[in-house]
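Okay, structure first, notes after.
The values are calculated or read from the model by the stated rules, or taken from the named source; none is laboratory data. Quantities reported herein were computed from a predicted structural model and do not represent experimental measurements. Reconstructed Cβ throughout: ideal geometry from the backbone, glycine too, with neighbour counts over all protein chains shown. Ligands, DNA and RNA are excluded from the accessible area calculation, which covers all protein heavy atoms including side chains. Shrake-Rupley method; radii C 1.70, N 1.55, O 1.52, S 1.80 Å.
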Amino acid sequence: MKIVVAGTGYVGLVTGACLAHLRHNVTCVDIDKNKVELMMQGVSPIYEPGLEEIMGEGCSSGRLHFTTEYKEAYKDADIIFIGVGTPERADGSVNLNYIYKVAEQIAHFAEKDCLIVIKSTVPIGTNEEVELFIKKKIKHKINIEIASNPEFLSQGTAVKDTLYASRIVIGVESKQAEKKLRDIYERFNIPIVITNRKSAEMIKYASNDFLALKISFINEIANLCEIVGANVEDVAKGMSYDRRIGDKFLKAGIGYGGSCFPKDTKALHWLASDNGYEFKTVKAAIEINENQKFKLIRKAKKKFKSFEGLKVAVLGLTFKPGTDDLREAPSKPNVKMLLEEGASVYAYDPIGTNNFKKLFSEGIEYVESSEIALENADLAFIFTEWKEITSVKLKRFRELMRNPVIFDGRNCYSIEEAEEAGVEYYSIGRKSVGDLQSVSKLKSNLYYFIDLLEVANDVVCSDNGGR
Ligand code: UDX
């Protein structure tokens, strides 16, 4: 069976390489010549652990091919997976141009009966519309059918998430399409959920948006914890033992980023509005996340009225560890604000620096380690919990920084460590160690006054007694 994968981004490339790893014959198509040349040599255009290994294995076994020649590829394909990007438009709706471009090419060049499988995240109803579109434009007398097969991989663990996925969702309208996809996926040995196309499309949005909601919920709990003096880490731990809640996606921080949650929450909200329904929970999650991104900088603004002339260490740039992706990374608006306010920014990220340089070419000193960034810094921000960053102890921050004032957006350190290290430490949903110090100063001043009052009272009493 000839399998073709259209698009070699996170979804397409990982799908192609994993299918080849499980002994399928796969041809990956992309229009970018440079990218294809690299991939033919087994080099991955994206940073993804384990991907180059299985790409190399696929290329050398002859099961994995890369080409720009889509005409040739589509001509005799049995199955075409579409994994091209579906970026968001300014109004939150989904831009399906890439999907339709591929659909048009398939309509022109496919010469054999073919199942087309959309893996990209697309609004509900898209599979049906693309099928009608291709059927209208088809050149040869062949049967085509569209199936939905959404992807649930996370960046940084994409290969593992694909090979050992929690489930495979297949949305089909015919038994033949179901059988073809079952044949492909049975060797993955993973639970398969079969449904119709619209439900499959909805499963993807519902899953992603539910996780985004969970994060925004714990972030709001964190914000309230700060006000009432509770600790969000303990709260999340306490909640997690309830198996109905679980321990995943309860990590408070400066908000979710990446290529999926921000886009998919806006898309579902848009889709609901377009259908005359107001999706209130998702709307709230979007608003909370927007606000959460600036949580740390607002705290820093309370302490430093201005960042002008201050040396600021920025640790972590990517939207999460394990990826070089900067899409919707909270670091970006924060660094922008720091630069606008005249701060001297020293940034460190183990993988994301080159991509960040493309966005912020001037005004930032990019350095090779957290320690270099921290030298003589007046304050530090942690935006991503890379191991290379969290392995530096807070004591070391104190030794290196001019002013050990740390704003940690990912709760990388315990409050105890911050107290012991003697740093001023602000995190998310937990007491701030800087405030504690001023509280204890206040307390000791108060005790001093009470002592004074008691002495004065003794003097007055002894005076009275003398009368
Ligand atoms: C997500 C989904 O997990 C995946 O199933 C889907 O296919 C694509 O979208 P991804 O964007 O790669 O994957 O990253 P994920 O690990 O889910 O994290 C997304 C964002 O949420 C990151 O910015 C992360 O820092 C944040 N996050 C995650 C939290 O703030 N708290 C958490 O508890 C978990």
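Data table
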| read-out | value |
| --- | --- |
| Test item: Cα-centred dipole of the range 205-272, Lys/Arg +1 and Asp/Glu -1 on Cβ, debye | 240 debye |
| Formal net charge of residues neighbouring Gly92 (Cβ-Cβ distance under 11 Å; K, R +1; D, E -1) | 0 |
| Around Leu115: net Lys/Arg minus Asp/Glu count, Cβ-Cβ under 9 Å | -2 |
| Average Cα contact separation per residue, the chain, under 8 Å, 6 or more apart, as relative contact order % | 11 percent |
| Inter-site label distance for Lys139 and Asn354 at 7 Å from Cα along Cβ, in nm | 3.7 nm |
| Distance (nanometres) between label positions extended 7 Å along Cα→Cβ at Lys248 and Lys160 | 1.2 nm |
| Theoretical FRET efficiency, 1/(1+(r/R0)^6), r = Cβ-Cβ of Lys395 and Lys283, R0 35 Å, to 0.05 | 0.20 |
| Net dipole in debye of the chain [+1 Lys, Arg Cβ; -1 Asp, Glu Cβ; about Cα centre; nearest 20] | 1040 debye |
| Counting DSSP beta bridges with both ends in the chain, the antiparallel % (nearest 5) | 5 percent |
| Protein accessible area in the chain, 1.4 Å probe - carbon and sulfur % | 52 percent |
| Over 25 Å between alpha carbons, listed pairs Lys112/Lys175; Lys305/Lys336; Lys119/Lys387 | Lys119/Lys387 |
| Gyration tensor verdict on the range 1-112 (Cα atoms; rounded if a/c is under 1.5, prolate if a/b is larger than b/c, oblate otherwise) | oblate |
| Separation in nanometres of the label points that stand 7 Å from Cα toward Cβ, at Asp78 and Glu420 | 6.1 nm |
| DSSP loop chymotrypsin sites (Phe, Trp or Tyr not before Pro) with at most 11 other Cβ within 10 Å excluded, longest remaining stretch of the chain | 278-467 |
| Fully extended contour minus Cα-Cα distance, from Ser273 to Glu129, at 0.36 nm per residue | 49.9 nm |
| Cα-based Rg of the range 3-195 normalised by 2.2 N^0.38 Å, two decimals | 0.96 |
| Charge dipole (the range 200-266, unit charges on Cβ, about Cα centre) - positive-most of Tyr256, Ser207, Ile227 | Ser207 |
| Per residue accessible area in Å² of the range 24-143, where ligands, DNA and RNA are left out and the probe is 1.4 Å | 48 Å² |
| Full-stretch length increase - Ser306, Glu365 - with 0.36 nm per residue and alpha-carbon distance subtracted | 19.3 nm |
| Between 0 and 90°, nearest 10: helix 97-109 axis offset from the chain longest Cα axis | 20 degrees |
| Helix-only [θ]222 nm of the chain, DSSP H runs n ≥ 4, -39500 (n - 2.57) each, per residue, nearest 500 | -15000 deg cm²/dmol |
| Unsatisfied cross-links (Cα-Cα over 23 Å) in the set Lys160/Lys283; Lys237/Lys395; Lys237/Lys299; Lys295/Lys358; Lys101/Lys283; Lys35/Lys101 | Lys160/Lys283; Lys237/Lys395; Lys237/Lys299; Lys295/Lys358; Lys101/Lys283 |
| Globularity ratio of the chain, using Cα Rg and 2.2 N^0.38 Å | 1.21 |
| With DNA, RNA and ligands ignored, accessible area of Glu88 (1.4 Å probe; Å², nearest 10) | 60 Å² |
